[in-house]
Amino acid sequence: MSGFESEDWSPKGLRSPRILQVACKHFFSAGYAAATFDAIARDAHVAKRTLYLDYGDKKGLFIAVVRDIVGQLGELEVADFAEAHTLESLLEGVAANVVQMSCSPASLNLNRMVIAEVERLPELSTIVAEHGEARVLAYVRRALEFAVERGMIEIGSPALTAELFLDVVVGATLWRRAMGMPARPDESEHLKQKVRALIALASPPARS
C-alpha cells in the first residue's frame, strides 16, 4: 500500500480538528522540541507536506494548537454579558469563565510544557502570551468596557484593570491548579468573595 492510499484528502476545515488534536498530544507528551512533523502526520493520517501547506512550520502548528485551546473564549462575546444586571454578577461570571478555560486539562498541560522548555525555547512563552493570555485579557477588558458603558463602574483604564482583575481574583486559583493542586471545595464561592472584595476596594466610601 502506498502512502497516498492512507492519506486523508478531506478539505482543510474537516481535517484540521484531528490534526490539532494529534499535534496537541505530541507537543504535550514529547515536548515542543522533540515533537516532529513526521510523527504528527503519521498519527493524523495526512502527508507531511499537508502540515507544511496548512501551517507553514512547527511554530505555525504550535500557534494553531494554542489558538485552538483558547478558542472557546471566542464564544464568550458581549451578548453573554447582557444577562448580568449588576457589576457583581458580571464579574463573577467573567471570573468563572476564565477559571474554567484556564484550568482545562489542555490549558494546564500547555502551561506546564512551556514552563519546562522556556529556558531552551523562550519563544514559546511569547507565543502563548500573544495567542493565549492576550485573548483572556481582551475578554476581561470587554467585560469591563461593558460595565463602564452601562454605568456600573467608573475606571480610567479597562486594559490595566483587566490585568489587575486577573492577578487579584483568579491568579491564585490558576497557580494552585497549575501546580497540580486540586480545586478548593468552595472554589466557586471563594471566587465570588474575591470579586466582592475587589469591588469594595474600588468603591468610594459612602459619605455621611
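Couple of notes before you dig in:
- Pairs, first in contact (Cβ under 8 Å) with a residue 60 or more places away in the chain and in a helix (DSSP H, G or I) in segment 103-117, second crowded, with 17+ Cβ neighbours inside 10 Å and of a type in the set (Ser, Thr, Tyr), C-beta under 6 Å, six or more apart: Glu117/Tyr32
- Just one of the listed residues (Ala84, Ala95) is assigned by TED's automatic domain parsing to the domain that holds Gln193, at pLDDT below 90 and crowded, with 16+ Cβ neighbours inside 10 Å, and it is Ala84.
- Taken over segment 159-179, the criterion of being hydroxyl-bearing (Ser, Thr, Tyr) and under 19 Å from Ala106 (Cβ atoms) is satisfied by Thr173 alone.
- Of the helices (runs of 4 or more DSSP H) lying entirely inside segment 128-208, those containing at least 2 residues that are aromatic (Phe, Trp, Tyr) and at negative phi are 134-149.
- Residue satisfying condition, being outside the structural domain of Leu61 (by TED's automatic domain parsing) and touching a Gly at 6+ places or on another chain (Cβ under 9 Å), within set Arg150, Arg142, Arg135: Arg135
- Segments classed as helices (runs of 4 or more DSSP H), wholly inside segment 33-72, with at least 1 members that are farther than 27 Å from Ser102 by Cα and of a type in the set (A, V, I, L, M, F, W, C): 37-44, 48-55
The values are calculated or read from the model by the stated rules, or taken from the named source; none is laboratory data. Here the structure is a predicted model, which is why all the values come from computation and not from measurement. Virtual Cβ from ideal backbone geometry, glycine too; neighbours counted across all protein chains shown.
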